[in-house]
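Structure record follows, encoded as structure tokens.
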Amino acid sequence: MERSVTGRFAPSPSGYMHLGNLLAMLLAWLDCRALGGRMIFRMEDLDPVRTRAEYARALAADLKWLGLDWDEGYPDPAYQQANRTDLYANAFRSLERMGLVYPCWCSRAQRLAAASAPHPGEAVHDPGCRCAHMSAAERAARLASDRPPAWKVRVPDETVTVEDGHYGVYTQNLAREGGDFIIRRADGVYAYQLAVSVDDMLMGVTRVVRGRDLLSSAPRQAWLIRLLGGTPPEYCHLPLLTGMEGKLSKRLGSLSTQLIRLDTTAEELTGRLAWLAGLLPAPGPVTPRALIGLFSWDKVPKEDIVVDEKAAGP
Ligand code: GLU
């Protein structure tokens, strides 16, 4: 049976949105609306240390300001990951029952990072650690005496293919290229990879549109969703924004919507983002709604989008 189209915004309120986030939100919205889909807004406030309610409110205000609407989601508490831990716990227990979960006492940094999506250039490959091969007796002894472990899921030597709506066929061998990954941190917080998979599955998301830096996470998410009995969404990744020198300068890369909004109107910004994404021949004021009929992934470049920083922004 054809599933009705459901897209999602899934930002993390760990700061204000910058230009790259806004581009991802605009394309996620256009992709969904062009297909006549339902848009949901999930707040990925999984990590109590790195996220703040103030940023969550600002993200929602920025989307509204830009003219991007949603049909359900934030501020409904059911769409905030912080309130969904029971669902992640259920999934965790299912994986445990399958015998796929083991404790890991390796580096603190690695365990802490796991609640957020990997950043551009951040490896998703875990070369494996000794914890994966401990005897049951050693594991039990350490569980009784050592500090709390993080929890990893053991992936099979299986090749998963994701048909990306923009980048095409993307193949990854889970064990050799991805490796086992953390699904729960030592402090009890469930990891991004588990939460995002559970949420996309339970919320009936059929279209995931987000930055290319998460393409390498798509096979493990599709695998997890199938394992938990769901149907993976279609993934469409978009190119990242970069500066002339290869990387977006700290200034522009971290320029928050708060500052961008001081210097430009919503229509001007939409026009500039649409032009950067290949949807308009030149920047100029436009509403997101007026772009729906123009939207096509064929127009969006595959290579990262170079922003002329001298011409761009305040
Ligand atoms: N919350 C993640 C982020 O802001 C994105 C998750 C996703 O789209 O899968 O980086």
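The values are calculated or read from the model by the stated rules, or taken from the named source; none is laboratory data. Nothing here was measured: the structure is a model prediction, and the numbers come from that model. Note: ideal-geometry Cβ built from the backbone for every residue, glycine included; neighbour counts use all protein chains shown. Calculation scope for accessible area: heavy atoms of the full protein, side chains included, ligands and nucleic acids excluded. Shrake-Rupley method; radii C 1.70, N 1.55, O 1.52, S 1.80 Å.
Putting +1 on Lys and Arg Cβ atoms and -1 on Asp and Glu Cβ atoms, find which of 218, 129, 28 reaches farthest to the positive end of the dipole of the chain.
Positive-end residue among those listed: 129.
With all protein chains present, how much of the accessible area of the chain (probe radius 1.4 Å) comes from carbon and sulfur, to the nearest whole percent?
Exposed carbon and sulfur together represent 53 percent of the surface.
When the scattering of region 183-222 is computed by the Debye formula from its Cα atoms alone, each counted once and equally, what is log10 I(q)/I(0) at q = 0.19 Å⁻¹?
The computed values of log10 I(q)/I(0) come out as -0.60.
Using alpha carbons only, what's the Rg to Rh ratio of region 94-222 with Rh from Kirkwood?
0.98
With the alpha-carbon atoms as the only input, what is the per residue convex hull volume for region 1-157 in Å³?
In region 1-157, the Cα convex hull volume per residue is 169 Å³.
In 5 Å bins starting at 0, how do the alpha-carbon pair distances of region 34-105 split up by percent?
Here the calculated profile for region 34-105 is 3, 13, 18, 18, 16, 12, 10, 7, 4, 0.
Let me know the Kirkwood hydrodynamic radius for the chain, please, with Cα pairs as the basis and the value in Å to one decimal.
One over the average 1/r among Cα pairs gives 20.4 Å for the chain.
Exposed loop GluC sites (Glu not before Pro) only (DSSP loop, at most 10 other Cβ atoms within 10 Å): please give the longest stretch of the chain free of them, not including the sites.
Longest gap between qualifying sites, sites excluded: 3-244.
For 133, 18, write out the residues from largest to smallest accessible area, computed with a 1.4 angstrom probe and no ligands counted.
Output order, biggest surface exposure first: 133, 18.
Return the distance in nm (one decimal) between the two label points of a simple spin-label model at residue 263 and residue 303, each offset 7 Å from Cα along Cα→Cβ.
Those two pseudo-labels are separated by 2.6 nm.
Give the residue from 191, 203, 12 lying farthest towards the positive end of the charge dipole for the chain; charges sit on Cβ (+1 for Lys and Arg, -1 for Asp and Glu) and the dipole is referred to the Cα centre.
191
For region 186-244, what is the accessible area per residue in Å² when the probe is 1.4 Å?
For region 186-244, the solvent-accessible area averages 25 Å² per residue.
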